[in-house]
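**Student:** Okay, handing you the structure first.
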Amino acid sequence: MSVTGRRTARGATGTTGAEDDAALDDALMVRVTAGEQAALGALYDRFVRRVYALARRVCGHDTTAEDVVQDVFLEVWRRADRFDPARGSVSTWLLTLTHHKAVDAVRRDVALRRRTRPVDDDRDVPPGPGADHAALASVVAGDLRGALARLPLPVRQTLGLAYYGGYTQSEVAAILGIPLGTVKSRTATAMTHLREQLRRLQETA
């Protein structure tokens, strides 16, 4: 992408500060809508790091994140007229588009892995990251459904995706649209609850 295009845009407006940056972004989008490739290059230079960082955080690895970046700016080039400055900034629009593209990429990857997973790889409770498998397996032998039913709905959804759906924590975060830290916290809460259920089952056995 053209660094010269970026410098020309900045020099023409003399912009400094958040408000002037937003005005510059809006002006670039007008030019992109008009079909100016140099404006797209300037927009790419301004946002590629933020777009990549978000895509990498959602997707979990570099190759898919790089594909998402390409998809995002291709979409900008093809659908620039969909940007409405009255509804938000260029930055917000781009990062929202990035999040949607990244989530779609994760779902495609998950669907592909599930289609190609050997039949004998299916288990009643697929292992999830960071889980106490011994405790979970013991609860399964007892009353897992009852224990799960007593979990708060958000925690139950998270655990269900991780253990019954076979998704990684990053995939669960992308599917539910929540931070990875929240997924980890909910998983820890669920495991604490299930271990308590195991203790009670053992006491009454």
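**Student:** Taking the condition modelled with pLDDT under 65, surrounded by fewer than 19 Cβ atoms within 10 Å (Cβ to Cβ) and more than 26 Å from V106 (Cβ to Cβ), does A149 pass?
**Tutor:** In short, no.
**Student:** Oh, and also: Could you grab the pairs with beta carbons closer than 6 Å, sequence gap of 6+ or different chains, first residue in region 83-101 and closer than 19 Å to R31 by Cβ, second one part of a helix (DSSP H, G or I) and among the β-branched types (V, I, T)?
**Tutor:** From residues that are closer than 19 Å to R31 by Cβ, the pairs are L97/V72.
**Student:** I would also like to ask the following. Go through region 54-95 and count every residue that is of a type outside the set (A, V, I, L, M) and within 20 Å of Y167 (Cα to Cα).
**Tutor:** Residues flagged as of a type outside the set (A, V, I, L, M) and within 20 Å of Y167 (Cα to Cα) within region 54-95 amount to 8.
**Student:** Consider region 69-88. How many of its residues are over 17 Å from D45 (Cα atoms) and either not in a helix (DSSP H, G or I) or not acidic (D, E) (or both)?
**Tutor:** Qualifying residue count, region 69-88: 9.
**Student:** Can we say R78 is modelled with pLDDT of 85 or more, more than 13 Å from L94 (Cα to Cα) and among the charged types (D, E, K, R)?
**Tutor:** yes
**Student:** Another one. Could you check how many residues of region 22-64 are within 19 Å of A173 (Cα to Cα), modelled with pLDDT of 90 or more and surrounded by 20 or more Cβ atoms within 10 Å (Cβ to Cβ)?
**Tutor:** Qualifying residue count for the region: 1.
The values are calculated or read from the model by the stated rules, or taken from the named source; none is laboratory data. Nothing here was measured: the structure is a model prediction, and the numbers come from that model. With ideal geometry, Cβ positions are generated from the backbone for all residues, glycine too; neighbour counts draw on all protein chains shown.
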